[in-house]
Every structure is written in structure tokens, then in C-alpha cells.
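Please read the structure below before turning to the comments.
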Amino acid sequence: MIVELGAFALILALVLSIAQTALSAAGARRPLLAGAGEGAAYGAFIALVVTFGALIHAFVTSDFSVANVANNSHTAKPLLYRVAGAWGSHEGSMVLWCLALTGFGAAIAWFGQGLPRDLKARSLAVQGALGALFLAYTVFASNPMARLADPPIEGASLNPLLQDPALAIHPPMLYLGYVGFSVVFSLAVAALIGGRIDAAWARWIRPWTLAAWGLLTIGITLGSFWAYYELGWGGWWFWDPVENASFMPWLMGAALLHSAVVTEKRGALPGWTLFLAIAAFTFSMLGAFLVRSGVLTSVHAFAVDPERGLLLLGILGVAAGGAFALFAWRAPSLSPGGGFKPISRESAMVVNNIVLTAAAAAVMFGTLFPLIREAIDGQTISAGPPYFNLIFVPIMVIGLVLLPFGPMLAWKRGDALGAAQRLGFAALLAVGAGLLTLAVVSPRKALASFGVALGFWLLAGAVAEIGERVRAFRVPWPEVRRRFGGLPRGAWGSSLAHFGLGLFVLGACFETAWKIELAEVMEAGRSVPLGAYELTLDKVGVVDGPNYLAEQGLLTVRKGGKVVCTAEPERRFYPAGGQTTQEVAICYRGLDQVYITLGERRATAQGQPAWLVRGYFNPWVQLIFLGPLLMALGGAVSLSDRRLRLAPGQKSKGGRKSREAAA
Amino acid sequence: MSLWLTVLFWTAAALLSALAGWLVLALARRRAAAPDAGDPGVAMHRRQLAEIDDLVARGLLSDTEQAEVRAEAGKRLLAADDAARPVTLGGGRRIATAAAVLTPLIAFGVYLWIGAPGRADAPMAARIAAWSKADPDTLTAAQVAAALTQVAKKTPNDARLLELLAKARMDSGDLFGAAKALRAAARIEPRNPALWNQLGVVFVWTSGGEVGPDARAAFAEALRFDPGAASPRYHLALADIADGKTAQGLASWRTLLAGMAADDPNRPPLAAEIAEVERTGKPPAPQQQAAAPAGADMDQAIRGMVDGLAARLEADPNDPEGWVRLVRAYGVLGEAGKRDAALARANTLYKDQPQVLAALKAASEKVQ
Amino acid sequence: MKRLLIALAAFACIAAASDPSERMADPAQEARARNLFRQVRCLVCQNESIDDSTADLAHDLRQVIREQIAAGRTDAEIRAFLVARYGEFALLKPAVSAPNAALWGAPILVLLVGGGLLVLRLRQGAATAALSPDEEARLAQLTREERD
């Protein structure tokens, strides 16, 4: 009965979303109908919560009469992964996607008290239409509650690679990020319909952009960390189509964050901001399509038949096509806003937007061009890491070199010389760090040394950003202190995010350039060196897991003869699907990691059992994951800025004015 | 579904619908009654202008800048004020009421069309409870195994029960599960030679008839507690022959044959195998040897595994190596129809991957 | 630049982490082999290079490449051999050729178009005219409303 209640609630959510669209569209002029639309938005969200709860219940109780559960669960699976199985499958993940869509719809209704009535009503209409499209697809083409006439005795289980704590929470984060951009999209389309795009609109989209971008950052980082330790060869980014699918909206979101600031502060660039707002969610939908279309192969992809992929492509075409057509129609009539000089913060932000958009284009073409080429002349080609290293990396390097200048420049017309002077210390530090690296390590690592210099340039630039805002060394000390205390959260957030980016660049450079690898067939008792460390395989035992059987190695890691940690990598066999996986053991050593996997069993020349052990010394690899988390934290800090929370209708208290002005 | 569950379902569905309808009407009423708070955009622009005035007052903007910045912000405020004249109409009450009533009705209609009204939940626990009460003869091996698994969870120290569970799992094709149950049983009764022997047999099945290191260890353990046991002796000798120690293995088999009763059903096949090894000098082919302990069960076990593979590929077709294995397995089992169907399906799935197509072709031709 | 980037990709192979049973005796040749592995797609896998993959086909391809290196072929020759045998699909770095023009050109085109738009925008932005007395009066009115 719970399953059927979930099935009914899903349909109810669909009908409510359609009602929300119609009522809210009519509600742009009639407050009563706008209210009715809000009620429908809440109702759709509540109904989907019921559906999602019913689905999780079916997974937890192993109700194999539900086709989705039978195909993706197993009675022997631990509880956490049975729960996570609810969104580990295509159908279940569509419910999560719709839950997020309606959840954000309810959030517009709830938090949108400060929006003009007509804008709010039209946004809810657009959000409802998006919900209706995806819910219709879910109900009629991917129903997660479909029943089996003859339930099997055991389920087909979930891919064991996906049975992992990071991956249990990675999709919800990612989806909240993806779908968070739907609010920005709805607000953009609503503003285009209403014809009013100004600084106030830019402020209203900012908190949603920040939230979506921050969640997406966390989601991508978790996914990257999962790939790093679950796939077992120490890579953290593979330019896999599904990774790219999440990276494109992230890049557009990052561009949008900056563009919206310009529109908010200066009323300028409304067209760019609108374009990016629509593009960010378009890329989110493209991601959802790519993962499910079956046109691309990937570890993360859901296998779905091409018909359903085409349906999703149709939804993408309707939503994005409509929005861009509206944009093309309205864009010429947009006011360009105040003018600015080539050297100004506006220009810096535009350059930032161009770089990020070009980077997203590189990712998009690298992902989609093989399909296009195949459609044109039947020739299949691959665009893998070498392509992205050649195109994406140089484009981003341009942006990263220019980044610290932006915050140093004033609005309208900046002082290039002054900015350069204020960054002198940062440049000195960066060049020093680069030269030191070049001197210490062999000269052929010129590029890595450049990367280190770039990392320090960004770190020092982020610190200089705060220095600039408090006018350090330029005004008397008490004034600096006063300004420091009065800095708005947004300033801290931006500086934190840029600092995190610098950390990431440093980590990526160190990890790529000075990683040490090892692969050896080892019998128990054997020791091998790995850089400054020494690995000893003490023994290999058998572990009987809940739904797997594993060989577990016990290795001691020593440095200079002293034991620094013990590692227990496993090689697991999951009989339900017949797959074998590797469980990595990681020794955390400050910012470095010693990363060990246990491979297949072999025999030594003497016929003793031995195992293929792979070890990696990954220097500063923690920064690769800490950097982006710091960026997400920066987003959260900005989001907590009272200027964003302040409903725009509220009056600011006099004392706060000067603080805001200081930004 | 029992009557009261049916009633409960319709009540819950109706309550959910009522909640949605109430939300629509309640918010409609509230928004209609709320006073117009003025346009929030104008207030924001006003504040921006005030911020500039503040900067000017504190001498932070130069005179030339001030005039232009102020003019820009002022024009933005004026533009916002111009735009902030939304038309507000009354009415719409009837539309809202209609939406609140019609929405759940349409939802019910669609549900009756595509849903499965009246269908009860089928949680595993309830199904197992039903099987536990049913006559075992009407159940499949897999159902028995599922029911026994549940019982074994409650009494984890019953070796006899685990042995039964292993048997049921073997019959249903779950060799891995059988081995797991037997290992658990052997932990409870480490001196029981029958358990070790069965564990060895499961290992032999798992590896397709080959007596691997795990199986050897298990048979050796069985012999430690029952030196005369026939099955471990048979298998260890087979292992010797496979290792090339043919004379030693044959000698053990002959001793075993000599010790067998005249009406022992295992006598003729063993004698045949001895004769074959004597003739060829090679170990007997695994299929033949597998027929010795339990031919039907083995076949069933293989079929179980193949069906599992087929089901898995059905759910997740994105596994080229799995398809190759499936095609080969159907060929071995002699199921040409299923093999061709799987081949055709895989050929369309990987039509642009020549490597996979070649592998599929090879697998389908191997046993023709 | 291009050569430097390829060198960057090669940095990782300080100590060869390839399977010891496959490894070549000469470390320089092994380093070359691994550099090539990273550029070759494992054809049956899900978007992996043959350096990362444990599939049988990847193993076979690694062996083929090692044999060719041992036979003294150059990297370019080996790549050409792989393309002849498996098509352009086998290389993770697509060729810079006319049919792939959009692939290599699109991001650069975005940079150029974006730059062009920025230049247009910079020209367009004339100084804002000062507020007219009428506008000043309306502004005063609007700001007064707030104080009330």
C-alpha cells in the first residue's frame, strides 16, 4: 500500500506542477491566483516527499515487486546502500531530480517574499513548467514505482563501485547543485517575460546562484574524491563525460556569480548575466541527458535505452530552446547600463566570463564533438585527457594569471599601475616560489614550476584582495582595523574562494609532477621502497563481507625505519553481479597521501602466493580536495551576507550603510 | 490486499489530495488579502543611491566620479520606479477552487489508468514469512534458501541449519552463498569432515571442475578428521593428476575403487575415469568429472548463473565482456535460440565497436 | 607549448607503475611506452586509457606497443599503426584536421567572439548624461518617500 501511495503521489505531483504553471502564469496580475500557484508548489513538493519516502521504504524492505528495486537492490546489501539505491538507479535519480525541482519551487514560494509579485508568480510558472516536463517523463517513461507481476527472489544489486559512502551522498549534493540553477533559470525567463532586468533582479538571483554553485562544488569534489579512491589508480579527474557534464554548469555558474555582481552593483552587463543564467541550467539539463541517453559510455552513466534518451533531449530542447529564443528576442531591448573603461573591474569580470565560457565550450566540444563527428561522416574519434590538457588548461591559465588583478581594480575606471604595485608582493612571492621549485627539482619540470608559481600567485592575490579592501598600508592603522571589522561577508567569501582555487592549483601541480608510483608482485614479508617510504606486506587474509568476499592485505608503511601507519587494502569479489573491486588504503601524511591497492593474486617463481601491490605517493594531494571545499565554504560565507538575506524591501539601518559602502 | 489496507490506501491518498487542495485555497486567500507592500526593486535602488550619497559624504568619491556615478544610480532608480507599476486585478476565486478540486481528481484518473490500484506491498520479510509457513515441496530451491537464510540469522550457531542452507543455495545456483554458509558452519564445527568435504565440492564447482588451492585445503581438512572419506580422496587424487603426478593420482583412485562396495553407484564412473586417464595420460575433461558427483545439480547451477548474468545484463546492458560471456555460455548449454537472441541484442548495442563485435562472433562460433 | 604539455603528461612516470610482468627491461623505452599508453584508448572500456585499464584488450594493446617500441619504431609510427588498425577512435588526442576543425577551433572562437563583444561594449558605453532638473525632482520625491 505504501508503494501504491508513492505511485499516486508522483502523479499528483505532476498534476499539481501543471496547475502551478497555469495558476502562477495567470497570477502575474491576480494575487489570488498567484497564491493558489504557491499552494500548488508546496503541494507538489510534499507529494514528491511522499513518493521519495515510499521509494526508500521499498528499497529498505527489499520489496522486489517494484521493478526498480529488483533491478538495483539486493537483500544482502548494507542498509546505507539500500537507502542510497533509491537514487542509484536511473528511475530513482529522476525522482530525486524532480524532488529537487519542486523543492526549489517551494523555496521560491517560501523565500521569495521580497520579490515583486509578478516576477515571483512568473518564476513559479516557469519552475512549474520545468517540473511538469520532468515529472511527465518520470511518470510515463521512467516510473520508479512500476510493479513486477512476478517478483524475483533476489535483486540484481547495485554496481559495487557505487556502494560507497561518498557516492551515497554525492548524487544528492550534485542534484541540489544542478537543479539549484533551475531557480536562476526561472527567474531569468520570468524577467525576460516581464521585461524588467535591472540591478535588483541581479541581486535576487545571487543567493540562488551561490547556493547552487556551492552545492555543485561539493558534489563534484565528492565525486572526484570517490573516483580517486574507488577506481583504484589514484587519478582524481578523468575528463569522463559524466564528470564533464557536472563541470560545465559549474563553470557557467562561476561566470554567472561574477557577472551578477556587475549587474547588481553597476546595472551593467544584464545581457551577459541573463545569458549565463539560462546557460547554467541548460548545461545542467544537458548533464542529465548525457548521463541517461546511452550515447556516451562512462563508469557513472545510467544505461537507458535511446528512446528515453531522445525524450530527455526533447525536454532539453523545449526548455532551453524556448528560453534562448526569448533571450534573442528581448536582448536587443536591454539597457546596456553604465559605461566602463578597458581597465576597470567590469572589464576584468567580462574577461573572466569569456575565459570561463571558452573553458566550458572546450569541455562541451571535447564531450560532444565525437558524437557530432560520427553523425556527420560516421568516423568515430575520441577526445580524452590529452585534448583537454592542450585546450582547457591554457585557457584557464590565462584566466588564473589575470584573476588577482580583478579585485584590485576600481569600478568604471581602474588604475592598472596601482593594481600592479599592490600585487607586487604577490608577484614576488610567486616568482620566488617558482624559481625555488625550478632550482630544487630538475629543470625539465619548468611547467610544474610555473604551476607552483601560479598557485602562490593566486594565494597571495586572495590575501591582497582583503588587503585592498581594508586599504592596508595606505590609510592609518586604526582605520584599517575599523575597515577589517566592517568587511562584508561577501568580501570574505570571494577571497576564500580565490584562495581555495590557489590551493587547488598547487595541489594539482604537485600531485601531477611529483607523484611516485610503484607496482610490484609481493609475497608476504617482502618490502619495497616507495620514495622516502618503505612498504612491507605482512600478510593477506580473507574477509567475509555482508555481500562480498575479500582478500585483505596488511601492509606496514615505514619512513626512515619508523612505522608511520598500517594499511589494509582489499580486493573484493561481489558475487551478486560477479564484479571485483579494489578497496584502497590511504595513509594520510599531512598534505600528502600514501595510497595502496591490493591487486590480483599471482605466484612467485618459487610457487609461493604473491599479490600485485600498487603504491602511490601523492604529494599535496589533499589540497586538490581541500581547495574546492574552501571554494564552497567561500560560497556559503557569501550566502550568509546579510545584504543577501535582507529582503530588498527592508530598510537598512544607518550604522550598516557605511559597511556596505566599504565593499 | 486485505480490505482494511485498501481502505487505508484510499484514505491516505484522499488525505494527501485534501492537503494539496487546502494549500492551494489557503494561500490563494492569504495572498488576495495581503496588502501591496510596494515594489521591493525600487527600495533596493533607493538604497544604492543612498550608499553613494554616503560615500560622497565621507569624501571617498572624487567630484568628477561622484556626478557620473550618482547620475547612473539615479537613472536606474527612476527606471525601476517606472517599471514598478504592475497591473493588479482582483478575482480568480472560482479558478482557484476549480484547480483545488480538479487536480486530485485528474491525478486519481491517471493513477487508475497507469497504476496498480489494490496491489499490496511485498517486502522480503513478509514473503519469507509466507514461504516459511508453506509446504516445502511447493517451493523452489531459491525460496527455501531465502527462508533458511532468515532462520539462520536468528540462530547463527546451528551448523546443521547452515548445512541445509548451503544445500538449498547450491540447488538454486548460488555457489558463493553456499560456500559462505559452509564456511560459517565449519567455524562452528571445525572438526566435522562432511562440512569440509562439501565446501571443497562447492569450490570445485565454482572453478568449473578444477580442484584449486581453496578446494585442496578444504579436502585436506576433511581427510584430517575422516581419513577414509571417499570424496576428498577422489578429488585430491584428481588434483594430483591435474598437476601431472598421474601415477600417484591413479594409485590413489585404484585404492579408492578397491575399497568401494560392489553396489556403490560411484563405482562405474570412477572405473571409467581410471580407464580414460590410463589411456590418455591426461586428467578427465571437467564436464565428465562434474557429472560424477551431481550432474543435474551442476547443470542447474550453471543455468542459475547464466540466468543471473542474463538478468544483470537486462538491467544494465552496458557490459561488453558480460555479453561475450553470456553468448558463450548459451552456446555451451546448447541453447541456440537464446544464444542467437543475446548475440543479436549485443550486436546492435555495440554496432560501432569492432573489437566487441569480433569477440562476440568468436564466442558464438566457438562451440558450433 | 605543445611539446611542453606532452612533457607534463610524461612527468608521472618517474617510477614505472606498470604491471611488473609486462614491463620492458630498458627504463627509457618503458617510459616511452607508458607515455604512449596514456594517449591510447582502451577500445572496449568506459573511457579509459590502456594505461589505466585492466581489461584483456588493454593488456594486448600494451603488449603490441611494447613490441613495436622494442622493434625500434617511433612514437609517430606506432600511433599511425594504431589508427590504421583501429581507426582514429583509438587515439585519445584527436588529430588536428579539417573535419575536427570545430573541436579545436570552437573554444578559441568563443574567446575571439567574447573579446569582440567586450570591445563593442567598451565603445558603446558613453558617459551617462547628468540628471535633468525634472529627474532630480523625481529622485528627491522618491528618496523622501523612504524617509517618511
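When B:Arg76, B:Arg119 are checked against the criterion of being charged (D, E, K, R), part of a helix (DSSP H, G or I) and facing chain A (nearest Cβ under 7 Å), a single residue qualifies: B:Arg76. Total residues in region A:355-378 satisfying the condition of being more than 7 Å from chain C (Cβ to nearest Cβ), closer than 14 Å to A:Phe283 by Cβ and not small (Gly, Ala, Ser): the figure is 5.
Rundown of residues vs (1) touching a Leu at 6+ places or on another chain (Cβ under 7 Å); (2) assigned by TED's automatic domain parsing to the domain that holds B:Gly259; (3) of a type in the set (Ser, Thr, Tyr); (4) touching a residue at least 40 places away in the same chain (Cβ under 8 Å), yes/no style:
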position: B:Asp158; (1), (2), (3), (4): no, yes, no, no
position: B:Ala166; (1), (2), (3), (4): yes, yes, no, no
position: B:Trp205; (1), (2), (3), (4): yes, yes, no, yes
position: B:Phe219; (1), (2), (3), (4): yes, yes, no, no
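What number of residues within region B:1-47 satisfy the criterion of being hydroxyl-bearing (Ser, Thr, Tyr) and not in a helix (DSSP H, G or I)? Residues flagged as hydroxyl-bearing (Ser, Thr, Tyr) and not in a helix (DSSP H, G or I) within region B:1-47 amount to 1. For the residues B:Thr88, B:Thr64, B:Thr103, the requirement of being in the same structural domain as B:Val24 (by TED's automatic domain parsing), over 30 Å from A:Trp201 (Cα atoms) and hydroxyl-bearing (Ser, Thr, Tyr) singles out B:Thr103. For B:Leu89, the requirement of being at the interface with another protein chain (Cβ under 7 Å from one of its Cβ atoms) and in contact with a His (Cβ under 6 Å, 6 or more places away or on another chain) is not met. The set of residues from region B:146-161 being part of a helix (DSSP H, G or I) and within 15 Å of B:Arg183 (Cβ to Cβ) comprises B:Thr149, B:Ala152, B:Ala159, B:Leu161.
Suppose we keep only residues that are more than 10 Å from chain B (Cβ to nearest Cβ) and among the β-branched types (Val, Ile, Thr) within region A:93-149. Which one would you say is farthest from A:Phe289 (Cα to Cα)? Among them, the one singled out is A:Ile108.
Quick grid of which residues meet (1) crowded, with 22+ Cβ neighbours inside 10 Å; (2) under 37 Å from the mean Cα position of the chain (by Cα); (3) of a type in the set (Gly, Ala, Ser):
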| residue | (1), (2), (3) |
| --- | --- |
| A:Leu487 | no, yes, no |
| A:Ile516 | no, yes, no |
| A:Val528 | no, no, no |
| A:Ala532 | no, yes, yes |
| A:Asp538 | no, no, no |
| A:Val543 | no, yes, no |
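For residues that are in a helix (DSSP H, G or I) and modelled with pLDDT under 80, scanning just region A:154-165, find the one that is farthest from A:Leu216 (Cα to Cα). My answer is A:Pro160.
Within region B:52-70, the set of residues being closer than 22 Å to A:Pro336 by Cα and at the interface with chain A (Cβ under 9 Å from one of its Cβ atoms) comprises B:Ile52, B:Glu65, B:Glu68, B:Val69. Within region A:22-36, the only residue that satisfies the criterion of being facing chain B (nearest Cβ under 8 Å), surrounded by 24 or more Cβ atoms within 10 Å (Cβ to Cβ) and within 15 Å of A:Leu130 (Cα to Cα) is A:Leu23.
Pairs linking a residue in region B:10-38 that is closer than 19 Å to B:Gly115 by Cβ and at the interface with chain A (Cβ under 8 Å from one of its Cβ atoms) to a residue that is aromatic (Phe, Trp, Tyr) and in a loop (DSSP other than H, G, I, E, B), with Cβ atoms under 7 Å and 6 or more positions apart or on different chains, do not occur.
Rundown of residues vs (1) at pLDDT 80 or above; (2) in a helix (DSSP H, G or I); (3) outside the structural domain of C:Ala31 (by TED's automatic domain parsing), yes/no style:
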residue	(1), (2), (3)
C:Arg79	yes, yes, no
C:Asn100	yes, yes, yes
C:Trp104	yes, yes, yes
C:Leu109	yes, yes, yes
C:Val113	yes, yes, yes
C:Gly116	yes, yes, yes
C:Ala130	no, no, yes
C:Glu136	yes, yes, yes
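Please tell me if C:Gln141 is surrounded by fewer than 20 Cβ atoms within 10 Å (Cβ to Cβ) and assigned by TED's automatic domain parsing to the domain that holds C:Arg34. No. If the condition is being in contact (Cβ under 8 Å) with a residue 60 or more places away in the chain, surrounded by fewer than 21 Cβ atoms within 10 Å (Cβ to Cβ) and not polar (S, T, N, Q), then region A:330-347 contributes A:Arg330, A:Ala331, A:Leu334, A:Pro336, A:Lys341, A:Ile343. Set side by side, the residues B:Thr97, B:Thr140 differ, and just one is surrounded by fewer than 21 Cβ atoms within 10 Å (Cβ to Cβ), over 30 Å from B:Leu8 (Cβ atoms) and of a type outside the set (A, V, I, L, M), which is B:Thr140. Is at least one residue of region A:49-68 at the interface with chain B (Cβ under 8 Å from one of its Cβ atoms), under 20 Å from B:Ala14 (Cβ atoms) and in a helix (DSSP H, G or I)? Scanning region A:49-68 turns up at least one residue that is at the interface with chain B (Cβ under 8 Å from one of its Cβ atoms), under 20 Å from B:Ala14 (Cβ atoms) and in a helix (DSSP H, G or I). Quick one: would you say A:Gly451 is touching a residue at least 40 places away in the same chain (Cβ under 8 Å), within 14 Å of another protein chain (Cβ to nearest Cβ) and surrounded by fewer than 20 Cβ atoms within 10 Å (Cβ to Cβ)? Answer is no for this residue.
Scanning for something of a type in the set (Gly, Ala, Ser), over 30 Å from A:Glu154 (Cβ atoms) and in a loop (DSSP other than H, G, I, E, B), does region A:560-570 turn up at least one residue? Yes, region A:560-570 has at least one match. As a summary of the residue check, A:Ser382 satisfies the conditions (1) surrounded by 16 or more Cβ atoms within 10 Å (Cβ to Cβ); (2) out of contact with any strand residue (DSSP E or B) (no Cβ under 8 Å at 6 or more places or on another chain); (3) polar (S, T, N, Q) except for the one numbered (2). If you go through region A:398-440 and pick out every residue that is out of contact with any Lys or Arg (no Cβ under 8 Å at 6 or more places or on another chain), surrounded by 17 or more Cβ atoms within 10 Å (Cβ to Cβ) and part of a loop (DSSP other than H, G, I, E, B), you end up with 3. Select from region B:122-145 the residues that are farther than 30 Å from A:Leu5 by Cβ, outside any loop (DSSP other than H, G, I, E, B) and more than 13 Å from chain A (Cβ to nearest Cβ) and list them in ascending order. Result: B:Pro136, B:Asp137, B:Thr138.
Conditions tested, residue by residue: (1) under 13 Å from A:Pro404 (Cβ atoms); (2) in contact with a helix residue (DSSP H, G or I) (Cβ under 8 Å, 6 or more places away or on another chain).
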| residue | (1), (2) |
| --- | --- |
| A:Val431 | no, yes |
| A:Leu436 | no, no |
| A:Ala446 | no, yes |
| A:Ser449 | no, yes |
| A:Val452 | no, yes |
| A:Gly455 | yes, yes |
| A:Leu458 | yes, yes |
| A:Ala462 | yes, yes |
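Taken over region A:390-424, the criterion of being of a type in the set (Asp, Glu) and away from every other protein chain (no Cβ under 14 Å) is satisfied by no residue.
The values are calculated or read from the model by the stated rules, or taken from the named source; none is laboratory data. Note that this is a predicted model, so its numbers are computed, not measured. Counting neighbours? That spans all protein chains shown, and the Cβs are built from the backbone with ideal geometry, glycine included.
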